[in-house]
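J.: First the structure, then my questions, so here it is.
The values are calculated or read from the model by the stated rules, or taken from the named source; none is laboratory data. Note that the structure is a prediction, hence the values are computed from the model and not measured. Reconstructed Cβ throughout: ideal geometry from the backbone, glycine too, with neighbour counts over all protein chains shown.
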Amino acid sequence: MSPVECKEQAAQCRQMAEGEPNLRVQAILMDMARTWDRLAIEAEISQGSGPSLRVIPPLPSQASPKPSSQKLRSL
């Protein structure tokens with residue numbers, strides 16, 4: 001299957017889950033959608049196109065804090 005077909009199957013599972021009143025069936029359908037998403041990524045990798053994911057750098061406010069140069073005093 002092509003990546004596009006896998007993504008279409010994932011979307012169909014999500015659509016069915018939205019209209020499903022039974023929570024157990026809803027969870028199963030969402031799990032199936034995640035499986036189709038993984039298969040789409042695998043298909044993209046096997047075709048050499050790689051997954052269509054981008055690495056987004058963290059915002060400056062989310063960056064890890066710089067180590068403090070102050071020494072802690074022992075009590």
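J.: Among residues belonging to region 6-18 that are in contact with a Phe, Trp or Tyr (Cβ under 9 Å, 6 or more places away or on another chain) and surrounded by fewer than 15 Cβ atoms within 10 Å (Cβ to Cβ), point out the one that is nearest to ALA43 (Cα to Cα).
T.: GLU8
J.: Given the criterion exposed (fewer than 10 other Cβ atoms within 10 Å of the Cβ) and modelled with pLDDT under 85, identify the matching residue among PRO57, PRO21, PRO51.
T.: Just one listed residue meets the conditions, PRO57.
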